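Read through the structure below, which is laid out as structure tokens, and then see the notes.
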Amino acid sequence: MAGVLALVACGGTDAARDEGAAADTTAGVGAVHEVRMLLTEGGDYVYQPAELTIRPGDRVRWVNVSGGPHNVAFYAARIPPGALEVLNAAMPERLGGQDLVGKLLMDDGATYEISFAGAPEGTYAYLCTPHEMMGMQATLIVAR
């Protein structure tokens, strides 16, 4: 991987927030938003949605749909100040123990979930490390 990795999350509009969110039954926990990772019929590697807006305390679940392996890796230079420590603590099984780099999802249907509890508001840019050169990047926005 060349350069510094950044946040792995998708950002978007209020409509995207409402569409992709499912109520969580756990008290005090925000909504869960789903982002699909796939290879399209046209041959593009993408996150769907490519931009997602969530609220502080929400969680994002990335799902490997096709074309894997995929992962979520945040650009350290393109996340809000103070987010690195929060994300590292919230990212299970970081690839090689690297900052801001989630494990590879090898199988279709495999998932990776990150809680944004305690994450600062702002824009988080992220990518798929195996498919960065093919343009697989997205944005997550944490906003009230």
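Every read-out reported here was derived from the displayed coordinates using simple, explicitly stated rules and does not represent laboratory data. Computed from a predicted structure; not experimentally measured. Counting neighbours? That spans all protein chains shown, and the Cβs are built from the backbone with ideal geometry, glycine included.
Amide H contacts of Ala110 (H built 1.01 Å from N, in plane; Pro and chain starts excluded): Asn64 sit under 5 Å, all sequence-distant by 5 or more or on other chains. The relative contact order of region 29-142 comes to 33 percent, based on Cα pairs under 8 Å that sit 6 or more residues apart. Counting Lys and Arg as +1 and Asp and Glu as -1 over every other residue whose Cβ lies under 11 Å from the Cβ of Val72, the net charge comes to +2.
Amide H contacts of Arg36 (H built 1.01 Å from N, in plane; Pro and chain starts excluded): Gln48, Val63 sit under 5 Å, all sequence-distant by 5 or more or on other chains.
Estimated from the Cβ-Cβ distance and a Förster radius of 25 angstrom, the FRET efficiency linking Gln98 and Glu41 is about 0.20. Annotation: amide H of Gly67 within the under-5 Å range of Leu39, sequence separation 5 or more or interchain, hydrogens built in the peptide plane. Taking every alpha-carbon pair under 8 Å whose residues sit at least 6 apart, region 83-144 reaches a relative contact order of 26 percent.
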